[in-house]
Structures are given as C-alpha cells and as structure tokens.
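Visitor: Have a look at the structure that comes next, please.
The values are calculated or read from the model by the stated rules, or taken from the named source; none is laboratory data. Because the structure is a prediction, the values reported are computed rather than measured. Cβ sites come from the backbone with ideal geometry, for glycine too, and all protein chains shown count toward neighbours.
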Amino acid sequence: MCGIAGIFNPPGRSLPLNLIKRVSNTIKHRGDDDEGICFIDSVNDSFSSFSCDDSDPEIKSLLPNQDNFEGYFDICLIHRRFSIIDLSVNGHQPFLDSEKKFAICFNGEIYNYIEVKEELEGKGIKFNTSSDTEVFLEAFKFWGVNCFEKLNGFWSVALYDLTKKTLVLSRDRLGKKPLYWSKIDHTIYFASEIKALLEIPGINNAKSVNEEMLWHWTVDGLRDTANKTFFSNINSLPQGSYIVVTEKFPAGVVKYWEPPVKRLKDSEISEEEAAKKIKEILIDAVKIRLRSDVPLCVELSGGMDSSTLVAIASIVSNKKIKTFTVRFPEKEWDEEPFARSVAQRYNTEYIVIENPVTDFWSGIKEFTYLEEEPYHSPNLNSNQATWGAMRYMGIKVSLNGAAGDELFAGYGNYYLNAQLENVANLKLGDFFKNLNWTENESRIKSFLHPFIYLAEKKAGFNLLLASKYRESSKDFLKVSKKGDYIRELSLTSMLRKELTDTKIPYWLSSGDKGYMGLPLEVRAPFLDYRLVDFVSTLPYNYLVKNGWQKWILRKAVEDILPADVVWRKRKMGFPFPFNTFYDNNKAIFQHIVDKMDNPFLELKQKNTFVKDWRIISFILWYEYFFNNNIQLFEQISQMNQKSKMQSGFVPGYLKYYTDK
C-alpha cells in the first residue's frame, strides 16, 4: 500500500528535480515509511536509483540522494511506501531486479504472492526478498503482460522493461487502486492522486471543470463514470486493464478482465452447489487477506457481510482475531448487540468504538484537498474518523464487508429490478414469492410497483437514477444538458453496470482517498475477482428469492452465523443524520453559498441548492482548486462552534498539508 507517480517523456526532454520533489510530496500521506525515485535513460539503457529526503535511513546509506543526480532521463518513477509485507528495506521501491533490466513501481497488495512465488520457484526463478513486490516483478519478467491474470490482489503499477524499452501501466481488475493520468504535448504523467498531477504547471494551468461530470453528478448523482474526473484534462486508466505506453497514449489500452455478462439458468446450477462454492471462495479470499506483517483487524458492523468475514477469519486463523465495532447512541442505527453476539461466538478480541464525533468544519480545507473531487456526504469524514480510531490503537490493515450488497443485491432498490426481470422472463412463481419482501412494503404495493414502473416507461418518462435532482437542477445549473443516465431494467444489467461504471468505481475512489489519508490498508474479500466472477454467473433469482435479498449468501453462511444476524429483516448501515447536521450548521451552509464565485451555478436560485450536499461539495471544491479561496475556508473554521480536535491519531494529510 503506497503512492506512486511517474513521467514518460519523449527522448531528449527532462524535468527539473524540484518539480519531481513537489509531485512526491503531495502523496506523502499515502506512506511515509520510505521514499524512492528512479530515473530511466531509455536511450542509453540505464537505471539510476536514488534516495530522497524521506527515505528510510538505511536506504539513505545505500543510495545517493536525488539532489546529486546529474544527467539525462526520459522516464521517472516515484514511490511513497506504507510498509505491510516485508518491512525491511528489501521492499524499497522503485524495485529493480538483480540484473537491473526491469523495474517496478507498485501501489497495492498481492494476496496470493506466496502461491505465485512457489510456482515461479518451481520454474527455476530465485528470489532475494520476502516481498510481494519482487513476486510481481518476477511474474512480469516470466509471463509478460499475462502476469496480471495470475495475480489476486489490487494494484496500480508501472513496470519498465529495459530489454524491450517498454513502460507498462496497469490497474487491478476491479480498479481498487486508482491511477490518474494527464498528457501535455507528448509527455505523459501518472499518479495515485489527482493532486500530484496538479503540481505540474502545464496541467494545473490548463485545468478546467469537466462539465459532463458536473452534469451527471448534479442531475444523476454519479461520479467516476467512463474513467473521467471532475478535471477535464485528467482521467483514470480503466479498471482491469494495461497499456504499453507510447507517444500515442492513451491509445492501446487492453482490457485483460471483464465481469461475466451471461448468467446461468436454474437448471444449470443448484442453490446447494452455488452456496457451497460461494463459501469455498470466501474462505480462501479471507485466508489470503489475513497475510500481513503489521497489526490487522476485521471491521465488525453487526451486519451479515462483516459478520461473515469475522466468522471465516476466526475459523481459518491460528490467531485470535481482533474486531472493531462502532456503537451509535441511536437505537435504530445501533447494530452493536448483533456484533457482540458474533464476537462472543468466535471469542474475538472485541473492541467497541463509541460513535466517533468529528469536527468536520475545522479541517474542511485539508479534507477538500484530500478528496480532490466533490463527494456525496460528510459521512466520508465520519468513516475516516473510525479508521483513525483503529490506527490510534495500532492497526494498519483492516478487512471489511465492502461490496457485499452490490455483489449480492442487498440494497432495497435492487428489489424492483429483480421483479422486473422476473416479469420479463415470465418467472411468475418467483415473482409472487417475492411479494413477501422483507422491507416494509405491503403485498399490494409490491405487486403493483413493477407494473406502474413499466407503464411509466411506456409513457415516455425518463427512468433516472436520481430523478429528485432533475427538476431543480434545470433552474440553477448553468451547464447544457449532457444526456441522461437511464436506469437499467433488469437486475443482471443493473448490477453489472454498478460494478463497472457507476457505484463501485465511486466507492473505491472516494474510499481510497479516505483511508489512505491516514494511511490504512483496507481489504475487501467480497471484491475477490473469483467471487465476482462466480456470483456474476449465478441465476439472478438466487440473489433475490422468497422476498429475501442476498438470499444465496444467507444460505451459504447460515451455518456459521447466529440466525438473528443471517435472517434479520431490517438493514441498518452506517448512519449520518444529514438533516440534523444541516440544522446545526445553517449559517455555514449559507455562508458558503453567499461567498461562492461559481460560473456554473445560478446564485439567484441558491435557495434550491443550499441544503444539497452534492452542490455544496462542488462549491467547496471549485473555491479551493480554481479560485484558491483559502479565505473562505478560514472563515468557515472561525464560524465553527467546536474547537479543533488534536487528540488521538492525527491523519497524515493533516500532519503534512495544513499549509495547503
């Protein structure tokens, strides 16, 4: 888990060293255990590795400082390390092979590195370290770009082959680790975070608002779609892809993985077979994610997904599992009693964090800089406070149940799509059995809902993901229409689109900014590609069945969890009382709107969006990154009624970027 950045220049051009330092310093919060840099001269076939100001002391004794570099390079690789596997300097990056013919600059974790290493050793390859980084590089040397299909984990990576003079960039299958890029003339820049690219004057001076993203964010509630960002000249490398970088970049992107398109029929796999296979995959997914050379825990919310991970981790581990649970004061949101029953059943080291109270506004300038794009809720800061409490107690790696709902159709809005697909496929038996829906909806309403929906569609209504934003946005958004996001009708198509283009890309991107702002490594077993591949092929009616969502997952784990956890009807989740938050901060919300200078919003219509956090977040983002209105953020801090909190764990982004 780290931060990376790099530059690919046409031969004959170079960049000032102080600029490279600035790029590196913007991602310091992602890992301050070590810093490294490698200059590559592709013309004369040479690597030059250097230590940096924040390098490990031992690395400083082994490598010259980058300030002493004199010469030519056309490729630069930059690395910030958050040490998780092989904590020694053997894991220093950029990492070169023993013959100094290949280099890797890697952000992520390869969970199956032990198995891949054993396979390569069987082919005669020798290793000098115990790091997953060396395994990644040797896999690339042996299999080339086919190595990505061998690896189970998450990554954004730059690999250089001196023998072929090729630079390869890649992201993991689901895109858990970001890799942003921008191009000026023929020079290509890439980094783990947008802010690193904005240190390049040519990129910063040319930045503008991506109006298409603004439209979809405001109107449809979408971000991170089509590999685009809110900055028109900065994009993402697609998930599950690689590219051999040339001056024609981004032409040449190759997708090495896509989730399955076709689902099986009921007759092709039984529920028993499906449940058994899910459990088998989950067991191995958790097992390999318990590999760590630093303290590790499992986040235990009390819901079925996190409880499943705790149960499996306790079964497969030879150590006592440490779990963290948040207790909320509101009984309607508090799942702690359910979490406690799981913790007691598996005798975990059970730690309860009382509802983490955050002083959101005191750090709003730094948090805006950290997130670097508008975000859906101040709840992101609350999530980060929970992770910060875990870091304060020594944890550096956490497993959580992220993506269980998106994979197994756990959210309430998926029910309608399941029923629509039942109607389309004439599965009337499944349709009527689902009328006993576990949500509080009458059987009559459950019966009529899909037919009313289809009638509206036939009548020409737009079926939008977030239609509640549409009418008001026509008035206050000064951006021409950029098209509508049309809601998918079938559960199959909806789940796939959310996995590849809408919900999951946003959650992964915003989540990465939050936990790497500490930093903390968060592992998500439900995003193991083997599980995604398998569940994506299951009959859709195994996901929503007999009125129960996530039916097949419940069947898979019902023997290892308390019944009141598996078959609990009411879904809770991580609450954020936005209305209360707004009522307590009306003056700040009003001040933000009154002081904005934003060409995309109609100030005369401010009463229609002053309470809309998506718009407020966009305003704050624009004031920071385009207007450089630091005064506004200082005024917000002064208006804040709470005193700035300094106790407990101080996130890296607050330690290093208070002057930003």
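Visitor: Quick one: would you say Ile125 is touching a residue at least 12 places away in the same chain (Cβ under 8 Å), of a type outside the set (Ser, Thr, Tyr) and either at positive phi or in a loop (DSSP other than H, G, I, E, B) (or both)?
Guide: So Ile125 fits the description; yes.
Visitor: So, one more: Considering only the stretch 387-400, state which residues are surrounded by 19 or more Cβ atoms within 10 Å (Cβ to Cβ) and either assigned by TED's automatic domain parsing to the domain that holds Leu632 or part of a helix (DSSP H, G or I) (or both). Don't jump to the end; show me each part of the working.
Guide: Kept after step one, since they are surrounded by 19 or more Cβ atoms within 10 Å (Cβ to Cβ), are these residues of the stretch 387-400: 387-388, 390-391, 395-400.
Scanning the stretch 387-400 gives Trp387, Gly388, Met390, Arg391.
Visitor: Right, another one. Pairs only if they're at least six apart or on different chains, beta carbon under 8 angstrom, first in the stretch 89-102 and closer than 13 Å to Glu35 by Cα, second assigned to a loop (DSSP other than H, G, I, E, B) and among the hydrophobic types (A, V, I, L, M, F, W, C); list them, first residue then second.
Guide: Gly91/Ile85
Visitor: Cβ-Cβ under 7 Å, sequence separation 6+ or interchain: first residue in the stretch 66-81 and free of Cβ contacts under 8 Å to residues at least 60 places away in the same chain, partner part of a helix (DSSP H, G or I). Which pairs?
Guide: Note: pairs meeting the criteria are Gln66/Leu17; Asp67/Leu17; Phe69/Leu17.
Visitor: Output the number of residues of the stretch 238-289 satisfying the condition of being in a helix (DSSP H, G or I), touching a residue at least 40 places away in the same chain (Cβ under 8 Å) and among the aliphatic types (A, V, I, L, M).
Guide: The number of residues fulfilling the criteria is 8.
Visitor: Now for a separate question. Scan the stretch 147-157 and tell me whether some residue there is buried (at least 23 other Cβ atoms within 10 Å of the Cβ), hydroxyl-bearing (Ser, Thr, Tyr) and either over 21 Å from Ile7 (Cβ atoms) or touching a helix residue (DSSP H, G or I) at 6+ places or on another chain (Cβ under 9 Å) (or both).
Guide: So far as the stretch 147-157 goes, no, none of its residues is buried (at least 23 other Cβ atoms within 10 Å of the Cβ), hydroxyl-bearing (Ser, Thr, Tyr) and either over 21 Å from Ile7 (Cβ atoms) or touching a helix residue (DSSP H, G or I) at 6+ places or on another chain (Cβ under 9 Å) (or both).
Visitor: Tell me whether the stretch 48-60 contains one or more residues that are touching a residue at least 40 places away in the same chain (Cβ under 8 Å), closer than 23 Å to Gly202 by Cβ and surrounded by fewer than 24 Cβ atoms within 10 Å (Cβ to Cβ).
Guide: Within the stretch 48-60 (the criterion being touching a residue at least 40 places away in the same chain (Cβ under 8 Å), closer than 23 Å to Gly202 by Cβ and surrounded by fewer than 24 Cβ atoms within 10 Å (Cβ to Cβ)), the answer is no, since none of the residues qualifies.
Visitor: Looking only at the stretch 462-515, filter to residues that are crowded, with 19+ Cβ neighbours inside 10 Å, of a type in the set (A, V, I, L, M) and at pLDDT 80 or above; which one of those is nearest to Asn400 (Cα to Cα)?
Guide: It comes out as Leu508.
Visitor: Also, I was wondering about something else. Residues in the stretch 196-226 that are of a type outside the set (A, V, I, L, M), buried (at least 20 other Cβ atoms within 10 Å of the Cβ) and either at pLDDT below 95 or under 20 Å from the mean Cα position of the chain (by Cα) (or both): how many?
Guide: 7
Visitor: For a quick check of your reading of the model, give me the residue pairs whose first member lies in the stretch 490-511 and is in contact (Cβ under 8 Å) with a residue 12 or more places away in the chain and more than 21 Å from Leu454 (Cα to Cα), whose second is crowded, with 20+ Cβ neighbours inside 10 Å and of a type in the set (Lys, Arg), with beta-carbon atoms closer than 6 Å and at least 6 apart or on different chains.
Guide: Listed by first residue and then by second, the contacts come to Tyr506/Arg223; Leu508/Lys176.
Visitor: Which one is nearest to Cys52 (Cα to Cα), of the residues in the stretch 91-113 that are exposed (fewer than 14 other Cβ atoms within 10 Å of the Cβ) and not hydroxyl-bearing (Ser, Thr, Tyr)?
Guide: Lys100
Visitor: So is Val544 buried (at least 23 other Cβ atoms within 10 Å of the Cβ), more than 30 Å from Val294 (Cβ to Cβ) and not aromatic (Phe, Trp, Tyr) or not?
Guide: Details: buried (at least 23 other Cβ atoms within 10 Å of the Cβ): yes; more than 30 Å from Val294 (Cβ to Cβ): yes; not aromatic (Phe, Trp, Tyr): yes.
Here the answer is yes, as Val544 does meet what is asked.
Visitor: Out of the stretch 331-359, which residues are outside any helix (DSSP H, G or I), among the hydrophobic types (A, V, I, L, M, F, W, C) and surrounded by 15 or more Cβ atoms within 10 Å (Cβ to Cβ)?
Guide: Trp333, Ile351, Ile353
Visitor: Next question. Looking at the stretch 13-66 only, could you name the residues that are farther than 20 Å from Leu197 by Cα, among the small types (Gly, Ala, Ser) and in contact with a strand residue (DSSP E or B) (Cβ under 8 Å, 6 or more places away or on another chain)?
Guide: Answer for the stretch 13-66, where residues must be farther than 20 Å from Leu197 by Cα, among the small types (Gly, Ala, Ser) and in contact with a strand residue (DSSP E or B) (Cβ under 8 Å, 6 or more places away or on another chain): Ser42, Ser46, Ser48, Ser49, Ser51, Ser55.
Visitor: Now for a different question. Looking at (1) in contact with a strand residue (DSSP E or B) (Cβ under 9 Å, 6 or more places away or on another chain); (2) closer than 24 Å to Cys297 by Cα, which is the only condition Asp528 fails?
Guide: Of everything listed in (1) in contact with a strand residue (DSSP E or B) (Cβ under 9 Å, 6 or more places away or on another chain); (2) closer than 24 Å to Cys297 by Cα, Asp528 misses just condition (1).
Visitor: Return yes when Ser55 is of a type outside the set (Lys, Arg), more than 20 Å from Tyr515 (Cβ to Cβ) and not in a strand (DSSP E or B) and no when it is not. Lay out the reasoning, then the answer.
Guide: Numbers: of a type outside the set (Lys, Arg): yes; more than 20 Å from Tyr515 (Cβ to Cβ): yes; not in a strand (DSSP E or B): yes.
It is true that Ser55 is of a type outside the set (Lys, Arg), more than 20 Å from Tyr515 (Cβ to Cβ) and not in a strand (DSSP E or B).
Visitor: Something else: Looking only at the stretch 237-247, decide whether some residue is in contact with a His (Cβ under 9 Å, 6 or more places away or on another chain) and outside the structural domain of Cys76 (by TED's automatic domain parsing).
Guide: Yes, because at least one residue in the stretch 237-247 is in contact with a His (Cβ under 9 Å, 6 or more places away or on another chain) and outside the structural domain of Cys76 (by TED's automatic domain parsing).
Visitor: Would it be correct to say that Val310 is touching a Phe, Trp or Tyr at 6+ places or on another chain (Cβ under 7 Å), buried (at least 18 other Cβ atoms within 10 Å of the Cβ), in a helix (DSSP H, G or I) and modelled with pLDDT of 95 or more?
Guide: yes
Visitor: Additional query: Look at the stretch 606-623 and say how many of its residues are in contact (Cβ under 8 Å) with a residue 40 or more places away in the chain, part of a helix (DSSP H, G or I) and over 23 Å from the mean Cα position of the chain (by Cα).
Guide: Residues in the stretch 606-623 being in contact (Cβ under 8 Å) with a residue 40 or more places away in the chain, part of a helix (DSSP H, G or I) and over 23 Å from the mean Cα position of the chain (by Cα): 2 in total.
Visitor: Is it true that Asp86 is in a helix (DSSP H, G or I), touching a residue at least 24 places away in the same chain (Cβ under 8 Å) and not assigned by TED's automatic domain parsing to the domain that holds Ile281?
Guide: no
Visitor: Another question, if that's okay. Among the candidates Lys655, Lys660, Lys550, which residue alone is among the basic types (Lys, Arg) and either surrounded by 17 or more Cβ atoms within 10 Å (Cβ to Cβ) or free of Cβ contacts under 8 Å to residues at least 12 places away in the same chain (or both)?
Guide: On the way: Lys655 fails: either surrounded by 17 or more Cβ atoms within 10 Å (Cβ to Cβ) or free of Cβ contacts under 8 Å to residues at least 12 places away in the same chain (or both); Lys660 fails: either surrounded by 17 or more Cβ atoms within 10 Å (Cβ to Cβ) or free of Cβ contacts under 8 Å to residues at least 12 places away in the same chain (or both).
Every option except Lys550 fails the conditions.
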